[in-house]
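Q: So that we are looking at the same thing, I have put the structure below in structure tokens.
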Amino acid sequence: MLTPDFAAYAGRIHVRFKKPRSGAHVQSLMQDFMSRTAIGCGEAGASLIGHIKCIVEADNGGYLVCSATDSSGRVRCRGSLKDGTCDIDLVLNVLLYGMDRERIEEVVARSSKDLMESEESKVEIEDLDVEEHDHDHEHGEDDDEHDHD
Amino acid sequence: MELLIVAGFLGSGKTTMILSTIGSLIERTKKKVVVIVNDFGKIGIDGRIMDKYGLKVQELSSGCICCTLGPDFIQTLKQVAENFKPDIVVVEPTGIADPESIINSLGYYQGPPVSRTRIFVIVDAVRFSVLVKALERPLKAQIKAADVIIINKIDEVDETTVRDIKKTLTDLHATGTIIATSATDGTNMDKVVDLLVSRC
């Protein structure tokens, strides 16, 4: 199922809040981030969202797993974050069709900065594929076709 | 040792399905189960999730075990079989994997014998019609390889949609047992466990 227009992005986003935040607040922020990323990918030209998923781990032990499978903005989450969260580590995978990896990276950066960066919080984004983002996937039968078939 | 491959397209609910059934599988069979998870990203997310749920997980990241990571998978399977001596190894490949290629790679496996291999394929009821149009051939390959096809997320679609999916699966020459479920609300999960447990 790897066609020429398949793209994969993996990143880690670290957010540090100056003051402790409630679990509900951070959870809502994460849902908004995932939703905006999925919508952004759709608007940027993704023809099919495969899976956009993340795991968020907080400094005080809570965790959240979120997932989006289309660009409607709908996000499914499970797990929970606790009150008093100061620091979160988010690992994100975006797997989709129809747009290149650099565009995904831009969408992720914009979503995270717009939603999570402020005077009260600092965001750092790490590209986890930086050394090997050219996935040499050997599903030969589909590799030379553009219609996914 | 039995091998249980839980395949299905990206986002179809493979991890949720494993998490929703593995406890009952262990409870009912009293057998030792190890999970091998293959994620596309450099840092696996699914393995971390399973770890949060207390499962013993072996991760393979940064590629797909049906192709580039095939040798790594064989090596990992051998290590798992020798070190943990499990009765059942559950394998969750990436959502773009062709289960048949995984089966073929087992030809190079030289560890403790595998008595039986079964393939459970999860299909996403919400996106099925879109995926069939966009990715018919690879999706067909997953479906044809399946011993059991699980139509997941039926809580999000109506009965007509489920009926249409079943018809399409038949048209695509699916030969496996078809079962409609929702891993989220638990619909028919007992039937999935029954199938997992059967002849374990």
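The values are calculated or read from the model by the stated rules, or taken from the named source; none is laboratory data. The structure displayed is predicted, hence computed values, not measured ones. Here Cβ is always computed from backbone atoms with ideal geometry, including for glycine, and neighbour counts include all displayed protein chains.
For every residue, the table says whether it meets (1) within 21 Å of B:PRO138 (Cβ to Cβ); (2) within 13 Å of another protein chain (Cβ to nearest Cβ); (3) in contact (Cβ under 8 Å) with a residue 24 or more places away in the chain; (4) not in a loop (DSSP other than H, G, I, E, B).
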| position | (1), (2), (3), (4) |
| --- | --- |
| B:LEU10 | yes, yes, yes, no |
| B:ILE26 | no, no, no, yes |
| B:LEU55 | no, no, yes, no |
| B:CYS67 | yes, yes, yes, no |
| B:ILE74 | no, no, yes, yes |
| B:LEU106 | yes, no, yes, yes |
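Q: May I pose another question? Those residues that are surrounded by 21 or more Cβ atoms within 10 Å (Cβ to Cβ) and either part of a strand (DSSP E or B) or on the phi > 0 side of the Ramachandran plot (or both), I need them from the range A:69-96; list them, please.
A: A:THR85, A:ILE88, A:LEU90, A:VAL91, A:LEU92, A:ASN93, A:VAL94, A:LEU95, A:LEU96
Q: Please go through the range A:1-26 and give me each residue that is closer than 21 Å to B:ILE65 by Cα and charged (D, E, K, R), ordered by number.
A: Within the range A:1-26, just A:ASP5 meets the criteria.
Q: Spot the failing condition for A:ALA44; the list is (1) away from chain B (no Cβ under 14 Å); (2) touching a Leu at 6+ places or on another chain (Cβ under 8 Å); (3) closer than 24 Å to B:GLY95 by Cα, and only one is missed.
A: Every condition holds for A:ALA44 apart from (2).
Q: Hey, B:THR94 hits all of (1) modelled with pLDDT under 95; (2) surrounded by fewer than 24 Cβ atoms within 10 Å (Cβ to Cβ) but one; which does it fall short on?
A: Condition (2) is where B:THR94 drops out.
Q: Now for a separate question. Take the conditions farther than 28 Å from B:THR76 by Cα and surrounded by 16 or more Cβ atoms within 10 Å (Cβ to Cβ) and apply them to B:LYS191. Does it pass?
A: No, not satisfied.
This table checks each residue for (1) within 20 Å of B:ILE103 (Cβ to Cβ); (2) without any contact (Cβ under 8 Å) to a residue 24 or more places away in the chain; (3) surrounded by 17 or more Cβ atoms within 10 Å (Cβ to Cβ).
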site	(1), (2), (3)
B:GLN142	yes, no, yes
B:ILE149	yes, no, yes
B:LYS166	no, yes, no
B:HIS173	yes, no, no
B:ILE178	no, no, yes
B:ASP185	no, no, no
